[in-house]
Amino acid sequence: MTSRFKIFSDPVHGFISVPKRLLFGLIETPEFQRLRRIRQLGLGHLVFPGAEHTRFAHGLGAMALMQQVLGSLAEKGTPITEAEHEAALAAALLHDVGHGPFSHTLEEDLIASGADGPFHHEQMSRTIIERLNDHFEGALDLTLTIFDGAYDRPFFQRLLSSQLDMDRLDYLRRDSFYTGVAEGIVGVDRIIKTMRVHPVEGGPDADIVIEAKGAYAVESYVLSRRLMYWQVYLHKTVIAGDHLLRAAFARARACCAEGDPAVLASSPALLFFLQRRVTADEIGEDAVLDAFCRLDDTDILHSLKQWSRSADPILADLARRFVERDLFRTTYLTAAPTDVEIAGWREAVAGWLVAANLSTPNEAQHDADLYLTVGSSSLDVYQRFEDSISILERDGRIRELSRADDVATVRAVAGAVVRHYVCAPKQVTLGIAEEAPLG
């Protein structure tokens, strides 16, 4: 007898069963296979050698967790139709299909803001799902409705996108596994087993809540998320790599306009975005969508190798630095820098560029902007007043997580934390007292 499932062996979740027909058909599409060539952690591999896992594996993992939670909810009496089950699995599988090379790093550099604001990969994900829906003759209609948060059973969208969704549960556990950062380990199974759809004002299926016996697991999840952001996602070397790659991309775009042969030798898919300033309003155009769906990490790496041979010394230096991992230094500051401090740092960088024969005295101040970045990292690990997590206490009352019994740690870490930093070449002495790292 022929099996109705395809089995994927995943080191994080074990064996993942994928129903054949629609779901396995989606996995086999070029749009989803492209995610094999996009690193989940962007430039995290520059710090954590094992962080070579991909968006492909993450999509499968999010789908596997969606399978688990829908099964658990059904066991607790929540009716879920076969169509809803399939649509929710497809939404989890495809939620990140719109990510570009190195995940978030070049998101706003490849595609500029449109009339409605900055570009976000979710917009591209939806556009690609629409294309796949056409290919599969409307089979993803309900998936799109859930993705948009427009379905009349909103708990499906909450499982897909919220402060406690299948996306976050998978990436925290997966990223912890591949980076070796044990602080990111999350009790995923307990969280899923204690989820239920609870009647609240506004409708019988209005929200996902966590039973009281799962509150500690959720508290640990919030703390793990905080630690993973400071130790992995916002690691100072990852920030340095991000700024270096974006600087090289900006210089390549300028050199492309001047006909630099090294830039014109870029990957054809990337060259499309260098020669044309695409905005978020244009992502539905066939030419834009075709070029984006051909774009992955290998296009960037190939192009950087070409750029390192540029006659433009700035572009050649930036590209070489990235390829050889000769990164900038990120220094955390004790307070937001003043305009006078920034001007002094820019002067120091400009002087070094001239001394290193990378720029001329007339161009050095302008070129220094590619080598000096002043910015901030902001983290609000749990937002109490928007999209909060609800705990179903043993007495039947619903409480927001930070007000629930015995979760004082969540109250302590809730709220935004901002850390200011400056990023510049290691060869330049800025004379800064660095802030102590956060745990």
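No lab work stands behind these numbers, since they all come straight from the coordinates. Since the structure is predicted, the reported quantities are computational estimates derived from the model, not experimental observations. Because the Cβ atoms are built from the backbone with ideal geometry, glycine has one as well, and the counts that use them run over all protein chains shown.
Give me the dipole magnitude in Debye, nearest 20, for the chain about the Cα centre, with unit charges on the beta carbon: positive for Lys and Arg, negative for Asp and Glu.
On the way: 45 positive and 62 negative charges, 271 e Å.
It works out to roughly 1300 debye.
Evaluate E = 1/(1 + (r/R0)^6) for Asp134 and Ile185, where r is the Cβ-Cβ distance and R0 equals 60 Å; express this FRET efficiency to the nearest 0.05. Walk me through the intermediate numbers first.
On the way: r = 41 Å, r/R0 = 0.68.
So the FRET efficiency works out to roughly 0.90.
Separation between the Arg21 and Arg325 pseudo-spin-labels, each 7 Å from Cα along Cα→Cβ, expressed in nm?
For the pair Arg21/Arg325, the computed spacing is 4.7 nm.
Mean separation of Cα pairs under 8 Å and 6+ residues apart, divided by the residue count of the chain: what relative contact order is that in percent?
15 percent
For the residue pair His366 and Asp148, what label-to-label distance in nm results when each label sits 7 Å from Cα along the Cα-to-beta-carbon direction?
If labels sit at His366 and Asp148, their model points lie 4.6 nm apart.
What residue among Ile192, Leu160, His13 has its Cα farthest toward the positive end of the dipole of region 5-234, where the charges are +1 on Lys, Arg and -1 on Asp, Glu, each on the Cβ?
Sorting the options by dipole projection puts first His13.
Work from the charge dipole of the chain (Cβ charges, +1 for Lys and Arg, -1 for Asp and Glu, about the Cα centre) and give the residue of Ala74, Ser378, Gly180 farthest towards its positive end.
Farthest towards the positive end: Gly180.
I'd like the distance between the alpha-carbon centres of region 328-374 and region 5-76, rounded to an integer number of Å.
Their Cα centres are 42 Å away from one another.
Simple spin-label model, 7 Å along Cα-to-Cβ: Arg276 to Ala356 in nm?
Output for this residue pair reads 3.5 nm.
Run through region 364-423 and list the trypsin sites (Lys or Arg not before Pro) located in a DSSP loop whose Cβ has at most 11 other Cβ atoms within 10 Å.
On the way: sites: Arg384, Arg394, Arg397, Arg399, Arg403, Arg411, Arg419; in loops: Arg384, Arg394, Arg397.
Listed in order of number, the matching sites are Arg394, Arg397.
Relative contact order for region 5-234 using alpha-carbon pairs under 8 Å, separation at least 6, rounded to a whole percent?
Reported as a whole number, the value is 18 percent.
Applying 1/(1 + (r/R0)^6) with R0 = 25 Å to the Cβ-Cβ distance of Ala115 and Asp286, what FRET efficiency is obtained, to the nearest 0.05?
After rounding to 0.05, the efficiency reads 0.80.
Between Asp339 and Arg403, 0.36 nm times their residue separation minus their Cα-Cα distance comes to what?
The Asp339-Arg403 span can extend by a further 18.9 nm.
Would you count, across region 5-234, every pair of lysines whose alpha carbons are under 23 angstrom apart, provided the pair is eight or more residues apart or spans two chains?
Working: Lys6/Lys20; Lys76/Lys193; Lys76/Lys213; Lys193/Lys213.
Close lysine pairs found across region 5-234: 4.
Taking the Cα centre of region 1-144 as origin, work out the dipole magnitude from +1 charges on Lys and Arg Cβ and -1 charges on Asp and Glu Cβ, in debye rounded to 20.
It works out to roughly 580 debye.
Report, in degrees rounded to the nearest 10, the 0 to 90 angle that the Cα long axis of helix 55-75 makes with the longest principal axis of the chain.
Value to nearest ten degrees: 20.
Given an 8 Å cut-off on Cα distances and at least 6 residues of separation, report the relative contact order of region 70-180 as a percent.
Dividing the mean separation by the residue count of region 70-180 yields 24 percent.
If you keep only loop residues by DSSP, which trypsin sites (Lys or Arg not before Pro) in region 235-323 have at most 15 other Cβ atoms within 10 Å of their Cβ?
Those that pass, being in a loop and sparsely packed, are Arg276, Arg277, Arg294, Arg309.
Using r as the Cβ-Cβ distance of Ala311 and Ser376, and R0 as 41 Å, what FRET efficiency do you calculate, to the nearest 0.05?
Values: r = 36 Å, r/R0 = 0.87.
According to the calculation, E is roughly 0.70.
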